[in-house]
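The values are calculated or read from the model by the stated rules, or taken from the named source; none is laboratory data. Keep in mind that this is a model prediction, so the values were computed, not measured. Virtual Cβ from ideal backbone geometry, glycine too; neighbours counted across all protein chains shown. Just so you know, the surface numbers come from the protein's heavy atoms only, side chains and all, with ligands and any DNA or RNA stripped out. Shrake-Rupley method; radii C 1.70, N 1.55, O 1.52, S 1.80 Å.
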Amino acid sequence: MSAIKTFKLVLLLLIAAIGVKAQDIVVISPGNFLRGTIQATDYASVILTKDDESVVQYKATDIQEFVWNGETYVSKPIVIKKKMEHRFFKILEQGAVNLYAIGGSTGVDIPEPKRRRITPSIGIGAGSGGFGGVGVGGGISIGGGRNRQEAPVRRVMPTAFFLEKVGTGPMSELPVEGGNSEGKNQHIKDILLQKLTNDEDLAERIKATESFDGKLIRAFVTAYNAVHK
């Protein structure tokens with residue numbers, strides 16, 4: 001076997017080994033974190049199964065962030081029904097302007113019990129929330145036993161997007177889901193033009209856009225951050 005082929009084989013084995021050891025992470029404070037497997041989140045709380053198979057639940061006020069399947073969710077304050085609360089926001093883009101999301105898949109397959117051991121059942125309540133009609137914060141419950149025949153739990157929530165530019169006020173919600181209307185599209189345009197400033201070409205493209213979705217908004221933010229570093 002040639003030296004090049006040997007090197008490629010070693011590299012592949014190393015990448016595979018890193019992948020096997022990859023875990024989810026809960027960051028409580030700088031330098032203080034836990035590794036394990038995140039089971040679910042309702043964006044107000046998150047459930048982590050630690051390496052010793054014990055299950056812990058953290059509220060968004062308890063920790064700074066968590067990393068789930070390679071994606072980072074940060075705890076940030078937001079006003080909900082005139083009350084300041086904390087929620088987890090998934091980071092989509094970071095730079096001169098930050099783009100976050102709440103929603104999408106909130107739960108993963110629950111591992112089957114080992115040696116008839118009872119595993120926790122995880123239920124996610126959508127709650128009344130308030131992010132553009134997206135219910136968030138109903139709570140995660142850890143209940144009694146779940147047998148091997150019961151279907152795994154999966155939950156999907158509507159997605160809400162939030163745009164943040166430091167020094168220009170609080171995060172602004174972009175009401176993407178729930179259908180398109182002239183008023184909604186104009187509202188999204190106004191926010192994008194307010195945050196993505198000093199870019200005439202991008203501004204003209206935003207003004208000419210007749211409807212928005214998550215992919216298009218992310219593309220606008222990505223393009224802006226690539227120029228304004």
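A few notes on this one:
- Residues with amide H under 5 Å from that of Gln39, placed H, sequence gap 5 or more: Ile47, Leu48, Thr49
- Relative packing of 207-216, 31-40, which averages over residues the other C-beta atoms within 10 Å, highest first: 31-40, 207-216
- Computed from backbone phi with θ = phi - 60° and the Karplus coefficients 6.51, -1.76 and 1.60, the 3J(HN,Hα) list for region 78-83 is 7, 8, 10, 6, 6, 10 Hz; x is used for glycine and proline.
- Accessible surface of region 18-73, 1.4 Å probe, proportion on carbon and sulfur as whole %: 50 percent
- Within the same chain, aspartates and glutamates fewer than 8 places from Lys90 are excluded, and of the rest, those with a Cα less than 16 Å from its Cα are Asp24, Asp42, Glu65, Glu71, Glu164, Glu173.
- Residue pairs, from the table Lys81/Lys165; Lys81/Lys207; Lys81/Lys195, whose Cα atoms sit over 28 Å apart: Lys81/Lys207
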